Structures are given as structure tokens and as C-alpha cells.
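Remarks on the structure that follows.
The values are calculated or read from the model by the stated rules, or taken from the named source; none is laboratory data. Keep in mind it's a predicted model, so treat the numbers as computed, not measured. As a convention, Cβ positions derive from the backbone with ideal geometry for all residues, glycine included, and neighbour counts pool all protein chains shown. To get the accessible areas, we keep the full protein, side chains included, count just its heavy atoms, and leave off ligands, DNA and RNA. Shrake-Rupley method; radii C 1.70, N 1.55, O 1.52, S 1.80 Å.
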Amino acid sequence: MLSFFAGRAVRYHLGGSETPVAAITGGYNLHPVDVFKAVLDALNRDYVDKITDQKKLTYGAVDNMVGSLNDPYSRFLTPQQRKFLDEAEAGRFHGLGAVLLLKPAVHNGMKHFRLVVVATVPGGPARAAGIKPGDIITRIDDGYFLQLPTESDQDLPDRDSLQGLIPLPGRGDAVPRLIEYKEAMQILSRDGAKVKLTLLRAGSPKPVETEVTLGPVTVQPVESRMLSDTIGYVHVNGLMKGCGEELHKALVGLRDKGARSLVIDLRDSIGGSLDEMVASAGQFTRGTLGYVQRRGARRQALVASGEPVFTGRVVVLMNGATVGASELLASALESRLLARSVGDTTFGDGRDQTVFPLADGSAIELTTGKLLTASGKEFNGTGLAPDVRVTAPDQQLAKAVAMLNSPA
Amino acid sequence: MRIEALLKSVSRYAIPVVGALLALLSFTAGLNTRQAQRSDRVLLAAIAPLPDNVSSRTISDPDDPTASLPPVETYHRVLTTIQDSYYGPSGLGTGMDDTKLTYCAIRGMLASLGDKYTRFLEPDEYRRMQEENQGEFGGIGARLEKAKNKVFVKEVLKGTPAAHAGLVAGDVIQAVDGVPLSGMSIYKAVDLIRGETGTRVKLTILRRGQQKPFVVSIRRALIEPDIVQAEMLPGGIAHIRLTTFNQRADTELDHALTNMERKKMQALILDLRDNPGGLLSEAVAVASRFVKGGPVVIIQERGGARKEYAVQPSKHNHKPVPLVVLVNKWSASASEIVAGAIKDTGAGLIVGTETWGKGLVQTITPIPTDGSAVLITTHRYYTPNGTDINHRGIQPDVRVELTDKDLETQNDRQLREAVAILSGRKFGTPAVQAKAAPK
């Protein structure tokens, strides 16, 4: 998930149980290190221009090594990207204000990734420009987006394989300017700049063109209000830092105003840290909320242990832009509170990432596990289906309220 | 840049000549092997105390932008982190061993320099490059090409195992020894087909007009693809095409010139179109055949010291005749050295289009540990007049473009222009004789 300028914050060192760097003292396999060292030595000794910037070499090495995993969720972060990621975790989103994903696809036998909008944040540039979850970004200014797998045996594309994917000019070898995701991310993270985007949208016969003024936006994790004398409403925008605490305050406020039942709106909820997921669910329930499955069949339980503040009836709203830890929150509320859910199937991002910092502020982010619901169910790629499917966005809330108004 | 450069090579060099592609080599293997061994010993001492140091600094002070990230230490820590913690598509980690990840790290490190000619050769790629440079290898004798994601036989070389087995141009190779080729690069496919002389390879072939693929088992033999094609055109004009600068290039050219002299050669067209280059030593030898004296090329080392490669008089064993050199934008590196020397010394006329523009020399450093090698840009070079052709290429004396229509109708306008010049129908005979005859 390419979220540094955008949406979902990523979990660092989950639950304090990770000791990501200090623990790495495994024995050297001398053979490959030896090869790397020999190449580096030859380069420093022989390259036609003396190499003064060793850090550039390091970045190149680490970036390509992580890139070779071809996992859209695993990547190298420059110090600036890491800073943006940290800020996103705290609710400040740079650039587009959207959660993007590289989605694998095949066209004319050519494996590639498409750049998909998963969710947009409220008040952000993407939403202001009418960009919608599910949109595919095909063009950024004059560059056509094309991300090929890193380090594969696949040949680079010729005209035949590009045909139909990218508008090609007349004859010959000429191909329009192509940009890969690294350059795309650079362009899309320049706050204040204007960019033109071309989007493919389901149901729209023609590509949609739009201009976005990039810029930072600060998103509050929780918004709340009363829907009637007895029904309260909270919207969790994302599991940003402080979400649990904000939710606590909101629920106390709603309770004081007389809320006896509650709509918990997790639509367009972009996920975030599992710590905040546990803190948020803990406002309603205690016990096991789900699991993180790690390498080697290790399973780590996510357990809420505090004092719940709201124990009334609850209906959960969800949609295709309910992402990551927000999906797990939805499933936890369903299973522990026996809450009913309304809306559409969630996005299906059930992977857990960890950020491993490097000394200069850069970092690598890796997929280090997958999320399982309290009943041990996996939802990565499939999403979680609602109890009551209501796909029209403007009817979902009404349906939730109707359910709360009817006898249990 | 990566896409553009390789698009060109894919569309033009679908024939597996990757080894020669834009690689101008000066072999300094002995020296580099020695140095690499010395650095092995340094390595053992250098990395022993590393993990604790690096880790503790990272934990205590994770955001110091001035902190250095030593390449070996950082690469290794990330490698270990990936192998220990990466979940992978099915919870089983990367599915890649340390060596594969290391090769990826090395390629990324080299790419960060922004020099497309500095690159890493995995053991099999290095072996293939050596074969290309030697001009012989164990194989079946079929030129392959890839189009529409299919690997097919472009040409079957006469007298080779592929010819004996009845392969024909157009046959689609679906699998090699049962390994399907779909999604695989042509280089990888070539690797699978080549092998030790005498061993067998099973190809699954789909032939036009047949419903079902069939399997054919072929015994590999020593393949020496022709790198020189010579024919005598009317008027005593010899047309000699040199396709690469491997270790046989100058010898084969010598034979072809002898052959053409027997057929009363009056003038010569040296065709270097689509010749991607090869070995520096061969470039100097070939240029020496046409240039009377002085430097053939000037090589500049790191630090600026320059060294001239002088004409080798021993190569003047053929009678000088008026000369035209044909070039195009796929004439690169060694081809440009030869064309540049001939142009600067007035030994012949350059006809065609601007050349590739690679004024850089690479050196191969073999890595003894695993049989891989690294190709590093180590020198710049200049033509005898001191011209830097990097990114610029060599401008032809007489520019002749081939149009799309020419290509379709196989109308070789450039060759016809060369013939016209040498037969005196262009520019008048005396001028050409004066300019084109070796001095």
C-alpha cells in the first residue's frame, strides 16, 4: 500500500513484541556477502568517476532488494517518505490524500501493476477533485503509469504488449513517456503542486480527467453526532494515533446526550495501527479481537483488556473503502458485540506491515504477517461481507438506523 | 531510461546477442582476480563486529540524516531482516535464497550510478558473454526471436543440429526440457537451450499448420555463428558485413578480404550496421587494416590520464582500395571506434545514419566466489581527433536514412548509395578516390 503521502498509517513494531533490528544477529552466510563486497570494491576502485556518495549505492541496493519481492506492501522508504508515513500515522496526509495500491494485472501476456485508489481521506485533495475508491490512475501529467515487476525474467514491453493498455503514437519504436511508481510517488507528494490525472472508472465509458491541487490535510480520527434522541453516530476515519482516546471521548459525550444505541460508521475508514484498533475496540468490549499470523505458524492474539464505555446496541457500517485494521475492527465488533453490519464488502487488506528503521531516517517496510479475525478467518483479497448488503451509499445509514429502531 | 534503452534492444536485438550488446571490453581478468582475492581477506576482518554496532546505533538514534549507511553492512542487515521477518505471499518468506536477493541488491547498487553499461552478470550470464566473445558455444544452431510473448525460430543455421533435426523458421518453441517458456525472457530461454556439447535438449515445438505440439530431442554441438558475410557486387565492389567484434572478428575479416582480393576487389563497403560492438582489442585490429598510421583510439582513465592505441602495421597485409563504411544507429562501441578512426583519418567515407553514441569502455571483473562478474564502465574514449562521441555518436559523411517503406520492401538505399559512391556515379571519381583511398 503506497500510503506515505496518503492514507493508511502502518504499524511499527506491533504491540511491543517486535524487536526488529537489535535481534538480528544471525550468522553470516559468507558467500553472498562476499560477492556483494567484491562488486562494491571493484566499483569503488575502477568506476570511471570516483564515487563519493556511498549512501546512494546503499539506497540503490536496499531499494532493489526489497523491490525484488514484488510485494506492493514491501518497499524502501527514503527519509522523506518515512517522515510522511510517520505523519500519516498521526493523521497528517501529504500529497493526494488517498490510499493507493499497486494491483497485479496481466495485459497481452505482460505482467504489470496498476495504480488503484483504495480510499480517500475527508477534506483531502483527492476527494475534493472527485476521485473515487476503485479509480485506476493511468496518467499523471504527461506520464503514463506503468509499473512492471522488479527483477523478473520478463522482457520489457514492446509495442505489441502495450497495445490497448497505453495510447501509442503512430509507427516506429516510439512509446509515450512511461512513469513507474517511484516517480509517480515523487510527483504526487509535492504539496502545493497541481497535477492532472487521468482515471479509469467503473461505469464510465470514457477515462475521467481531473486536476488536483496537492497539499497536506489533517484528518481527525473520529467524528460524532446524535442521529436522534437515543441513537448516536461515530465515524472512524482511520486508526490514526490517538484514535482510541478520541473515540472514548466521543462515546462518553454521546452517552451523556442520551445515546442508548449507536451506528459505528467504518465506511471509508483507512485503517492504521493495530494498537489503535485494540484501543478502539476496547471502548466496546474485552477479550480477543483477532490475530496476527507470523512466519512459522506463530500467532499473536490481539486482546482488549480495558473497561468498555459503551455497552448499548451497535450497528456497523462498512464499504469497499473499509481497509486494513478498520476491517479487523469491524469484524471484532461483529463477533464480540454480536453487532450487525450494513453496507458493502470491505476492501480485503489483511496484511500486516512492519517498518524497520535505518540509521539515517530511511527505513524498509515489510509485510510481516497477515491478519485473522477472532474466529481465525482470513480476509486478505476477499474482504468481509456485511450481514445486510446495501450497496447504495445514500441508503446505508438509513438502513442502519432502521435496524436499531426495530426490536432486537 | 531503462525502458527506452531496452525497448530499442528488444525490438532490434531479439536475436540473443546480449553479451555483445553495447559491451566494449578490455579484459583485465588477471589483475582483477588478484585484487578481488585480496579484498576477500579484508572482508573477513571488516564484517565480524558489525551487527551489534549498527543495530544499537539504529535503535538509539534512528533519525540522524547525516548518519552514514555503509553499503555492505546495511545491505546485509536488510537481507537478514527480509529472510527473518518477511511473510511472503503464503507465509513462507521470500522463496528466494540469500544469493538471489544479493544479486538483486547488487543490480540496484549498480543502477544507482545511472550508467546503463555498468551491470552485473550472474554466473550464467557471464558464461554466455564469454561464449559470445569467443564466438562459439554448445547449442543447436537456431537464431531465436520473441514476438507476441512467444519464442520462435527466426533462422536455422546450415549444417547445425537444429537443421538436422528439421527445425524450420517460424517454429514456436513452447518448452525446453519440459520447462514452459511463457513469460520468460528470450535470454533465459537461450540459456536453457544452450549447454555442453554432446548433451541433449528436448524442445516442445508448435509448427504452423499443425494442431498439436511435438517434442524433438536434439544433441548439442559446437556452434560458431558466421560473423562475417562477404559478397562481390558488380564492378569489383566487395560488400563485407561484420556483425560483432568477438575474438574471431579480425581473423574472419582478414579471410574475407583475402577472398575478395582473389575476386579482383576494386573497392570495399565495410558494413557495420547493427553491429553492437564487442572487444576493444578487435576494434583496434580491424581499424588498423584501414588506417595507415597514428592512434586508432584514445582511452582516458579515471583521473584523466590518456593512452593512445596505435595502428598495428602488421594488419596492412591487403592492398588499399577505396572504402565506404556503412553505419546506423545500432552501430555501437567497437563499431564506433572503427568508424571514428576511419572518419578522422580520411581513410574512407562514412555513409548511413548517426551511430549509437557510446564513448565508454567497460571492464569485466570476474567474482571468483560464485562465477559471476561485474561489467564496470572504467574508461572514456575519444576518436583520433579527440572527439567525444558519447551520447552523440558519429555523424556520417553522407547521410542516408532508411524509411519504413524501404524496410518493408527490403530496399537497401544505404548500400545502393555506397555502391553509387564507389562506382564514381556520386561526387565524381577523382574526389572520392582522393578521399576514400587509404593514405
**OP:** Quick one: go through segment A:231-257 and flag any residue whose amide nitrogen is under 16 Å from the point 7 Å out along the Cα-to-Cβ line of A:VAL309.
**Re:** A:232-237, A:240-257
Subject >> Kirkwood-based shape ratio for segment B:228-433, expressed as Rg/Rh from alpha carbons >> reply: 0.99
Subject >> Area accessible to solvent at B:LYS154, 1.4 Å probe radius, in Å² >> reply: 100
Subject >> Alpha-carbon centroids, segment B:407-422 and segment A:260-327: separation in whole Å >> reply: 74
**OP:** Between B:LYS100 and B:THR258, with labels modelled 7 Å along Cα→Cβ, what's the label distance in nm to one decimal, could you check?
**Re:** 5.0
Subject >> Rounded accessible area of A:HIS248 (nearest 10 Å², 1.4 Å probe) >> reply: 70
Subject >> Inter-chain Cβ neighbour average for residues B:91-103, partner chain, 10 Å >> reply: 5
**OP:** Calculate for chain A the 222 nm mean residue ellipticity that helices alone would give, adding -39,500 (n - 2.57) per DSSP H run of length 4 or more and normalising by residue count, nearest 500 deg cm²/dmol.
**Re:** -8000 deg cm²/dmol
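Ignoring ligands, DNA and RNA, how do A:MET226, A:MET240 rank by accessible area with a 1.4 Å probe, largest first?
Ranked list, largest accessible area first: A:MET226, A:MET240.
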Original post:
In nm, to one decimal, how far is the B:LYS148 label point from the B:THR199 one, both placed 7 Å along Cα→Cβ?
Top reply: 3.3
Subject >> Max mean-square fluctuation residue, GNM over chain A, Cα-Cα springs under 10 Å, options A:GLN300, A:GLN163, A:GLN396 >> reply: A:GLN163
Original post:
What relative contact order, as a whole-number percentage, does segment B:137-223 give when Cα pairs under 8 Å and 6 or more residues apart are counted?
Top reply: 34
Original post:
Per residue of B:182-194, what is the mean number of Cβ atoms on other protein chains within 10 angstrom of that residue's Cβ?
Top reply: 2
Original post:
What residues qualify as long-range amide H neighbours of B:ALA238, i.e. H under 5 Å apart, gap of 5 or more or another chain, H built at 1.01 Å from N?
Top reply: B:LEU233, B:GLN266, B:ALA267, B:LEU268, B:ILE269
Subject >> Cα convex hull of chain A - mean projected area over all directions, nm² >> reply: 23.0
Original post:
For segment A:96-122 and segment B:274-300, what is the separation of their Cα centres, given in Å?
Top reply: 50
**OP:** Sort B:MET260, B:MET184 by accessible area with a 1.4 Å probe, largest first.
**Re:** B:MET184, B:MET260
**OP:** Sequence neighbours fewer than 8 away in the same chain don't count; with that in mind, list the lysines whose C-alpha is under 25 Å from A:LYS56.
**Re:** A:LYS37, A:LYS83, A:LYS182, B:LYS100, B:LYS116, B:LYS358
Subject >> Percent of alpha-carbon pairs separated by more than 49 Å within the protein assembly as shown >> reply: 32
**OP:** Would you kindly derive the ³J(HN,Hα) couplings of segment B:326-331 from the backbone phi angles with the Karplus curve 6.51 cos²θ - 1.76 cosθ + 1.60 (θ = phi - 60°), listing them in order in whole Hz, with x for Gly and Pro?
**Re:** 8, 9, 9, 6, 9, 7
**OP:** Quick one: order A:SER335, A:SER261 from most to least accessible surface, probe 1.4 Å.
**Re:** A:SER335, A:SER261
Subject >> Dipole magnitude of segment B:126-219 about its Cα centre (Cβ charges: Lys, Arg +1; Asp, Glu -1), debye to nearest 20 >> reply: 360
Original post:
If r is the Cβ-Cβ distance from A:ALA202 to B:LEU407 and R0 is 41 Å, what FRET efficiency results, to the nearest 0.05?
Top reply: 0.45
Subject >> Heavy atoms of B:ARG207 accessible to a 1.4 Å probe, total area in Å² rounded to 10 >> reply: 60
Original post:
With all protein chains present, how much of the accessible area of the protein assembly as shown (probe radius 1.4 Å) comes from carbon and sulfur, to the nearest whole percent?
Top reply: 51
Subject >> Estimated dipole of the protein assembly as shown in Debye, rounded to 20 [Cβ of Lys and Arg +1, of Asp and Glu -1, Cα centre] >> reply: 1640
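What net charge do the residues around B:THR251 carry, taking every other residue with its C-beta under 15 Å from that of B:THR251, with Lys and Arg at +1 and Asp and Glu at -1?
Values: positive: B:ARG248, B:ARG289, B:LYS315; negative: B:GLU136, B:GLU224, B:ASP226, B:ASP250, B:GLU252, B:ASP254, B:GLU282.
Once all neighbours under 15 Å are counted, the net charge is -4.
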Original post:
Relative to the Cα centre, what is the charge dipole magnitude of chain A, using +1 at the beta carbon of each Lys and Arg, -1 at the beta carbon of each Asp and Glu, and rounding to the nearest 20 debye?
Top reply: 840
Subject >> A:SER228-B:GLN312 pseudo-label distance in nm [points 7 Å out on the Cα-to-Cβ vector] >> reply: 9.7
**OP:** Hey, for a label at A:ASP191 modelled as a point 7 Å past Cα toward Cβ, could you say which residues of segment A:54-98 have their backbone N under 17 Å away?
**Re:** A:79-98
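With a 1.4 Å probe, how much accessible area is buried between chains A and B, both sides summed, in Å² to the nearest hundred?
It comes to approximately 7900 Å² buried between A and B.
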**OP:** Determine the gain in length on full extension of the stretch A:VAL252-A:ARG389; use 0.36 nm per residue of separation and subtract their C-alpha separation, reporting nm with one decimal.
**Re:** 46.3 nm
Original post:
What FRET efficiency, computed as 1/(1 + (r/R0)^6) with R0 = 30 Å and r the Cβ-Cβ distance, is obtained for B:VAL179 and A:THR288, rounded to the nearest 0.05?
Top reply: 0.05
Subject >> Accessible surface, the protein assembly as shown, averaged per residue in Å² (probe 1.4 Å) >> reply: 40
Original post:
Considering only the other residues whose Cβ falls under 9 Å of the Cβ of A:THR198, what net charge follows from Lys and Arg at +1 and Asp and Glu at -1?
Top reply: +1
Original post:
If you take the beta carbon distance between B:ASP64 and A:THR218 as r and set R0 to 30 Å, what does 1/(1 + (r/R0)^6) give as a FRET efficiency, to the nearest 0.05?
Top reply: 0.65
